[in-house]
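Q: Submitted below is the structure of interest, expressed as structure tokens.
The values are calculated or read from the model by the stated rules, or taken from the named source; none is laboratory data. Keep in mind that what you see is a predicted model, and the values were worked out from it rather than measured. So basically every Cβ, Gly included, is an ideal-geometry build from the backbone, and we count neighbours across all protein chains shown. With ligands, DNA and RNA removed, areas are computed over all heavy atoms of the protein, side chains included. Shrake-Rupley method; radii C 1.70, N 1.55, O 1.52, S 1.80 Å.
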Amino acid sequence: MNAPSQPIDPSRIPAHVAIIMDGNGRWAQARGFNRSLGHAEGVNTVRRITEAASELGVKFLTLYTFSTENWNRPQAEVDALMDLIVVAIERETPDLIKNNVRLRMIGDIMRMPHGARTRLERCMADTAHCTGLTLVLALSYSARWDITRATREIAAEAATGALDPATISDELVASRLSTAFMPDPDLLIRTGGDMRISNYLLWEIAYSEIVVTPTFWPDFSKRDFNNAIADYQHRQRRFGLTGEQATALSSKPPK
């Protein structure tokens, strides 16, 4: 996405944008650096894309920060990532508050080191009063973990008789996921060029529009983000309908 920024319709901004921030390690290795430098550079991208999303009026920005599978990486890289995430969020918290951005987390947070978890929870508490963009960090997160956890919770209620299995619906399952506080993503962006979802928001992205760019995350600019939004706005969201049905539905005046 190196073309000039495309025009954006301010009336059609996606409420929720989710991003798979891929390519930090490859960005660093291509330059002869240690992978950890790529992750550090990626923090700067988080700052500028958060600013871009806030300026456009996006309500929720969810970033795939650390997956449950990432715990299997070399311990030195895991330790460096944990420290980088915590230090970066603590450093950015005053600016988040200044810009009315609320910080939230989803994932198996209890798996994180106690000190890191406590410090991040403090940052969330400090921004809890903010009413603008909600920045959601998917930390120690995977979609299968979340769906499995929600299923166990529902099954336990059914086993005690507190829940009739016949009443289990899509809405009920969605209400038990860690993402229940926000709408499903309208747009999913993946940097780094890989054509896969990587166990990210599998339930929630059922009808999300997807943009994949070969640009590594450290190089992903506000222009790239704006162009992804413009690309999204040029698509017809059909949700299983035909194009004609979707057009007729979208043309109806709101009730």
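Q: What FRET efficiency would be calculated for the residue pair PHE181, GLN29, taking the C-beta separation as r and a Förster radius of 35 Å, to the nearest 0.05?
A: Plugging the Cβ-Cβ distance into 1/(1 + (r/R0)^6) gives 0.40.
Q: Let me ask something else about it. Please work out how much length the chain gains when fully extended from ARG238 to GLU121, using 0.36 nm per residue of separation minus the C-alpha to C-alpha distance, in nm with one decimal.
A: The span from ARG238 to GLU121 would gain 38.3 nm if fully extended.
Q: Can I ask one more? Note down the nm distance, to one decimal, between modelled labels 7 Å out along Cα→Cβ at GLN245 and at HIS114.
A: 5.5
Q: Taking the solvent-accessible surface of protein heavy atoms with a 1.4 Å probe, what is the per residue accessible area of region 73-209 in Å²?
A: 50
Q: Still on this structure: Sorted from largest down, what three extents in whole angstroms do the Cα atoms of the chain have along their principal axes?
A: So the extents along the principal axes, rounded to whole Å, are 53, 53, 36.
Q: Among SER5, TYR141, PRO214, whose Cα projects farthest towards the positive end of the dipole of the chain, with charges put on the beta-carbon of Lys, Arg (+1) and Asp, Glu (-1)?
A: Ranked along the dipole, the leading option is SER5.
Q: Enumerate the residues in region 224-248 having an amide nitrogen under 18 Å from the point lying 7 Å beyond the Cα of SER5 toward its Cβ.
A: Once the point is set 7 Å along Cα→Cβ of SER5, 224-234 turn out to lie under 18 Å by backbone N, inside region 224-248.
Q: Quick one: in region 15-129, what % of C-alpha pairs are over 21 Å apart?
A: For region 15-129, the share of Cα pairs beyond 21 Å comes to 39 percent.
Q: Quick check: at a probe of 1.4 Å, how many percent of the accessible area of the chain sits on carbon and sulfur atoms?
A: The computed percentage sits at 53.
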